[in-house]
Every structure is written in structure tokens, then in C-alpha cells.
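The values are calculated or read from the model by the stated rules, or taken from the named source; none is laboratory data. Note that this is a predicted model, so its numbers are computed, not measured. Counting neighbours? That spans all protein chains shown, and the Cβs are built from the backbone with ideal geometry, glycine included.
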Amino acid sequence: GAGVSQTPSNKVTEKGKYVELRCDPISGHTALYWYRQSLGQGPEFLIYFQGTGAADDSGLPNDRFFAVRPEGSVSTLKIQRTERGDSAVYLCASSLTARSSYNSPLHFGNGTRLTVT
Amino acid sequence: DQQVKQNSPSLSVQEGRISILNCDYTNSMFDYFLWYKKYPAEGPTFLISISSIKDKNEDGRFTVFLNKSAKHLSLHIVPSQPGDSAVYFCAASGNNFNKFYFGSGTKLNVKP
């Protein structure tokens, strides 16, 4: 079956602009996560959705970052007034169950590489 | 504060030999541990996991060992193949957590 799909694969934007990154999770997966990966680092947690609601947004770095999942499937990560420090690979992942539990690993998309110039 | 640590940024082994990748964690509440493999320009791919009720889990050439008292896990790949060359991340979580914590990765190079 289809895996997690993320679009665009690459996004170059100017400092101060607004961007939206899209994630289409695996069908039937109730949990959806956004992570950010900077060069030489592991994925860093941003936000977690259980269904339509953001169950944990403690990883969002500031209020310029926002994410939605209005119908419990596709999610959009929105970044306002982008800064050069926002440049990273943004990874989306989904998993079958609500909480981190045995036999329910994260399945990642290929990410969106965001470059802010 | 880094709750999951991979202290070796890189590892080079000869084809056919064993690769051992190490990972340490600090939070004793973690009870579910995973290894991911990542090729360039791709997302991390799930490889193998282990729950805290076990100390070993094996899947083909891949074995994960968990030492709870030392808060340490390791991934053994034997025999190593050139196609195993990638960055390997360990991750940890548990029922009390909504998220997975990742280490910074170890880049494995398997030389033919």
C-alpha cells in the first residue's frame, strides 16, 4: 500500500514569507506526527495529532509554527514569517495507534526540505 | 536535554563482518525502543524494535539488545553488506509518552 506522502519534496522561500507543508498519512493511521531534522541531528519532535486534534504541540518552537489536521487524515504544517533558522527537513510520520506502544512504530515520509534564503 | 544519545557519529566495517551500533538513554520510563535506517533524501525506515520486557529481539541479520540496568541498547548487523551503508537512528518511547525521542544517528559505511 501507499506510504506517507509529503509535498513538496523541496521548498525554497525568502525570509519573511509564509509556507505550507503537506502530509498524507498511511490510510487508517490515527496518529500523525511532525518532526524536524537539521543537518547532523536526529529527528526532533514538533507536534502530534490523535485524529483531528493536536494532542501534543510542545515541540513547536514558537507561535510562527502551526499545524492542522481538519478531517483526521491529511495534515498541513504552516510556518509564518519564515527565518533562515527554519531551514531543515520537515518529516511527517504516522502510526496505527494513538500512543507510542509496542508494535506501532512510526512510518515516515521522505520529508520536505525547506530552505529559507 | 538529549534523552537518547548515539555517541559514535560514524562507523566503518568490512563487508561480511559484524556491525555494532550503540545507543544510550537517560529516561527510565522508556519501555519501547526502535532502530531506523535512513538513506540520503529519504525518510527514516523502521528496522527493528524491542520492548522493555525483552532483552533481545532478532530479525534476520539484525538483532537488537537491550540492557535496562545500563540504559543501553545496541543493534548488531551480521553479516554486514554494502547495502547496509546508511545512517542509523535509535529512538525511544513508552506508554506515558506521545512522542518518540531520537538519537543523533550513526553513519555506517560497509566497505566491499
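Let's see how each residue does on (1) within 9 Å of another protein chain (Cβ to nearest Cβ); (2) at pLDDT 95 or above; (3) under 20 Å from B:L47 (Cβ atoms):
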site: A:T30; (1), (2), (3): no, no, no
site: A:R36; (1), (2), (3): no, yes, no
site: A:R81; (1), (2), (3): no, yes, no
site: A:T97; (1), (2), (3): no, no, yes
site: A:Y102; (1), (2), (3): yes, no, yes
site: A:F108; (1), (2), (3): yes, yes, yes
site: A:L114; (1), (2), (3): no, yes, no
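Give the residues of the range B:67-112 that are assigned to a loop (DSSP other than H, G, I, E, B) and within 14 Å of another protein chain (Cβ to nearest Cβ), sorted by residue number. Result: B:G94, B:N95, B:N96, B:F97, B:N98, B:K99, B:F100, B:G103, B:S104, B:G105. Under the condition of being over 15 Å from the mean Cα position of the chain (by Cα) and among the polar types (S, T, N, Q), the residues counted in the range B:27-70 number 3. Applying the condition of being out of contact with any Gly (no Cβ under 8 Å at 6 or more places or on another chain) and part of a loop (DSSP other than H, G, I, E, B) to the range A:42-60 and asking which residue is nearest to the other protein chains (Cβ to nearest Cβ) yields A:P43.
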